[in-house]
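Everything below concerns the one structure shown next.
The values are calculated or read from the model by the stated rules, or taken from the named source; none is laboratory data. Everything numeric here is computed off the predicted structure, so don't read it as measured data. When we count neighbours, we look across all protein chains shown, and the Cβ atoms used for this are built from the backbone with ideal geometry, even at glycine.
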Amino acid sequence: MAFPFGPTFHTNDLEDLLDWDPHHITQIGNSALFQKVEELTRFAHPDQDHEFDASWHSFYFPALHEGRRVTFPVHLNFYKTGNVYSLVIDTGKLLFFEVANGQEKTEKGLFTLIEEISRFLPHLRQHGRNVLNVPYEIRRGKTTSALLFEKPLSDEERAQIERRYEDYSKKDQIANGISLEEYLETAALIYKVLFGKEAESLSPREMYRRWSYDHGGHMLTIKNPRSRKQFANWYQSKEWAGSHPFSLWGKRMAVLYPPREGQPYFTFSLRTVPDPQHYKKVLFSFMEHQVPFRVQDLSERLDFLTGQATVDVNRGEAPLFFYLPGREDKQQYFSRIRWEPLPIPNWK
């Protein structure tokens, strides 16, 4: 249906008016603005109501965006103990402001912003979702992991991996402790698969320095890299806790835990990879080098890498598929996404 009225704001106006950093949100003490925001809550019951806060996730803000009239989702929270409203507009960026009672002067644009949300509500009540035009690049949905890869693993490759891993696991190989040098050499097998020629000229230590997520675990300061005892003492000290020394690439994308008491083998996880062949090659490389290892969630990983797993679109838990508004994405992907229904207020 036709948009009910001409929006007052352009996306750029919102970005100039509101905070975009959630760690540095300006709280405005203005009772008139507080009352304006509170009036919105008289239209609808909270979507969630807890002891200390209440929230509404089904308001919308009309705006001009890239030459189109659109509606951006609005999230309103009321913190009961502090008597503060927090408002978030999702334009692809999350834009914030907070308001409490007080006598501070504030920009007129914030009053107009709330008036625009309020002005749109009667149309939303009358026409429901028919009046909404939320850009698909910020909408939530579900699709299959096949969309994340140019070429997922085939069913034959999956069966090959499962068969070889099962046969290898029956050998029950264990490690009676390892040294720093042995850990880095094992990590280097992963780096050589992930980074190919870029890793060829580097030593295992250099690879680790370049690509690991280590934040002060001091693993590389072990005096004797060939000493299993020194590595064990460092590991048992737990001085590395919170520094992610075993995250070889990104925080969680490639993780290699060393053998330890009760688990005398390496534990390996490779989560988001641009090429599913990387996963297969790392496993086979470990087998060829007789590395005692186990993988975490093999069946779940293979579901993902064969394109059979469900993943979130645009928002949610990584790995995500990001839908872009161009013609190519619309032709290739739109029909393969299950879009979540847009929320509607629980009207009073």
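Exactly one residue out of Arg164, Arg125 is in a helix (DSSP H, G or I) and in the same structural domain as Val273 (by TED's automatic domain parsing), and it is Arg164. Pairs linking a residue in region 193-217 that is on the phi > 0 side of the Ramachandran plot to a residue that is outside any helix (DSSP H, G or I), with Cβ atoms under 6 Å and 6 or more positions apart or on different chains, are Gly216/Ser243.
When restricted to residues that are surrounded by fewer than 17 Cβ atoms within 10 Å (Cβ to Cβ) and under 24 Å from Gly109 (Cα atoms), region 56-82 contains 7.
Just one of (1) at pLDDT 90 or above; (2) closer than 24 Å to Leu194 by Cβ; (3) not in a loop (DSSP other than H, G, I, E, B) fails for Ser335. It is (2).
Residue count for region 4-35 under the criterion of being within 23 Å of Val70 (Cα to Cα) and either aliphatic (A, V, I, L, M) or more than 33 Å from the chain's Cα centre (by Cα) (or both): the result is 6. Every condition in (1) in contact (Cβ under 8 Å) with a residue 12 or more places away in the chain; (2) touching a strand residue (DSSP E or B) at 6+ places or on another chain (Cβ under 9 Å) holds for Gln236 except the one numbered (1).
Would you be able to tell me the number of residues in region 291-348 that are under 30 Å from Thr41 (Cβ atoms) and more than 16 Å from the chain's Cα centre (by Cα)? The number of residues fulfilling the criteria is 10. When Thr186, Thr221 are checked against the criterion of being more than 31 Å from the chain's Cα centre (by Cα) and either buried (at least 16 other Cβ atoms within 10 Å of the Cβ) or free of Cβ contacts under 8 Å to residues at least 12 places away in the same chain (or both), Thr221 stands alone in meeting it. Cβ separations smaller than 7 Å between residues 6+ apart or across chains give the following pairs from region 72-85 residues that are farther than 21 Å from Pro345 by Cβ to residues that are among the polar types (S, T, N, Q): Asn83/Asn101; Val84/Gln27.
Looking only at region 2-60, residues that are in contact (Cβ under 8 Å) with a residue 60 or more places away in the chain and either assigned to a helix (DSSP H, G or I) or on the phi > 0 side of the Ramachandran plot (or both) come to 13 in all. Beta carbons closer than 6 Å, at least 6 apart along the sequence or on distinct chains, pair a first residue in region 266-281 that is assigned by TED's automatic domain parsing to the domain that holds Phe293 with a second that is among the charged types (D, E, K, R) and surrounded by fewer than 22 Cβ atoms within 10 Å (Cβ to Cβ) for Thr267/Arg294; Arg271/Arg252.
Out of curiosity, is Phe97 out of contact with any Pro (no Cβ under 9 Å at 6 or more places or on another chain) and either at pLDDT 95 or above or outside the structural domain of Ile28 (by TED's automatic domain parsing) (or both)? Here the answer is no, as Phe97 does not meet what is asked. Checking each residue in region 224-265 for being among the polar types (S, T, N, Q) and either in contact with a His (Cβ under 8 Å, 6 or more places away or on another chain) or not assigned by TED's automatic domain parsing to the domain that holds Asp214 (or both) picks out only Ser243. Scanning region 92-122 for residues that are aliphatic (A, V, I, L, M) and not in a helix (DSSP H, G or I), we see that the one that is surrounded by the most Cβ atoms within 10 Å (Cβ to Cβ) is Val99. Could you look through region 119-172, keep only residues that are small (Gly, Ala, Ser) and farther than 22 Å from Pro4 by Cα, and pick out the one that is farthest from the chain's Cα centre (by Cα)? Among those residues, the one meeting the criterion is Ser169.
Contact map, region 332-348: residues that are touching a residue at least 12 places away in the same chain (Cβ under 8 Å) paired with residues that are β-branched (Val, Ile, Thr), Cβ distance under 8 Å, separation 6+ or inter-chain. Pairs shown: Tyr333/Thr143; Arg336/Thr143; Arg336/Thr144; Ile337/Thr143; Ile337/Val313; Arg338/Thr143; Trp339/Val313; Leu342/Val134.
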